1. So which residues in region 156-175 are more than 12 Å from the chain's Cα centre (by Cα), surrounded by fewer than 21 Cβ atoms within 10 Å (Cβ to Cβ) and part of a helix (DSSP H, G or I), if there are any at all?
2. Report, by residue number, each residue of region 89-141 that is among the hydroxyl-bearing types (Ser, Thr, Tyr) and free of Cβ contacts under 8 Å to residues at least 40 places away in the same chain.
3. In region 112-139, how many are touching a Cys at 6+ places or on another chain (Cβ under 7 Å) and surrounded by fewer than 19 Cβ atoms within 10 Å (Cβ to Cβ)?
4. Inside region 129-150, can you point out the residues that are closer than 12 Å to His93 by Cβ and out of contact with any Phe, Trp or Tyr (no Cβ under 8 Å at 6 or more places or on another chain)?
5. For Ser67, all conditions in the list (1) surrounded by 13 or more Cβ atoms within 10 Å (Cβ to Cβ); (2) over 12 Å from the mean Cα position of the chain (by Cα); (3) of a type in the set (Ser, Thr, Tyr) hold save one; what is the number of the exception?
6. From the set of residues in region 140-155 that are among the hydrophobic types (A, V, I, L, M, F, W, C) and surrounded by fewer than 18 Cβ atoms within 10 Å (Cβ to Cβ), which is farthest from Ser50 (Cα to Cα)?
7. Across region 178-193, which residue is modelled with the highest pLDDT among those that are surrounded by 13 or more Cβ atoms within 10 Å (Cβ to Cβ) and in a helix (DSSP H, G or I)?
8. Could you identify the single residue in Pro83, Pro76, Pro12, Pro19 that is touching a Pro at 6+ places or on another chain (Cβ under 7 Å) and not charged (D, E, K, R)?
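The values are calculated or read from the model by the stated rules, or taken from the named source; none is laboratory data. Quick caveat: nothing in here was measured; it's all calculated off a predicted structure. Positions of Cβ are generated from backbone atoms using ideal geometry, with glycine treated the same way; all protein chains shown enter the neighbour counts.
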Amino acid sequence: MQNPPMETQLAPGFLIAAPHLSDPFFRQAVVLLLEHDNEEGTFGIIINRSARITLRDVFEELKIDLSPEWTDESLPPVMEGGPVTPELGWVIHSPDWHCEQTRVFGGTTAVTSSREILEVIAHREGPAVWWFCLGYAGWAAGQLVGEIREGAWLHLSYEDELIFRVPPAERWHTAISRLGIDPLCLSPVVGGA
């Protein structure tokens, strides 16, 4: 297996859980990797795991009134963004809407963590496409590169299509196939020279 990309190339990008990764939280996870610094650590949001809570529940908890145009069927699922701070919400969205808390990654994907974006979404305004996630995934300084070298994660270059055009349930298989890999052919043992 090749060495991981240089640290500056990891983010923005995607981490794809190797088929043998057995951690129940990260099994077949696709992580939108937003920040990586081998000295400071790494920040990402899982984009393919639905949470048990609904968006209607989130809006009710926050006391934000939903437009009657929103039906339970039209509200997208809430994503489990990661095990860290699971009560903190993030909206991954197209960059056609922004506020002071918005950060744009790769030129085509924005991330906002604010009540303001939820209020405009509740009124069917705001970004054209979006996903709401709870929590995030984080790695300590140097930890992620070590996990990649051990074969726990594969890296895919950034592309917005995986987030905005591929359904969440299909993201892991789509991401791993874009690497030209058949998951059944991967060995759980990483060799060294």
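1. Those that are more than 12 Å from the chain's Cα centre (by Cα), surrounded by fewer than 21 Cβ atoms within 10 Å (Cβ to Cβ) and part of a helix (DSSP H, G or I): Glu161, Ala169, Glu170, His173, Thr174.
2. Thr102, Thr112, Ser113, Ser114 - these are the residues of region 89-141 that are among the hydroxyl-bearing types (Ser, Thr, Tyr) and free of Cβ contacts under 8 Å to residues at least 40 places away in the same chain.
3. Final tally of qualifying residues: 2.
4. Across region 129-150, the qualifying residues are Trp130, Trp131.
5. Among (1) surrounded by 13 or more Cβ atoms within 10 Å (Cβ to Cβ); (2) over 12 Å from the mean Cα position of the chain (by Cα); (3) of a type in the set (Ser, Thr, Tyr), the lone unmet condition for Ser67 is (1).
6. By that ranking, first place goes to Ala141.
7. Arg178
8. The unique qualifying residue is Pro19.
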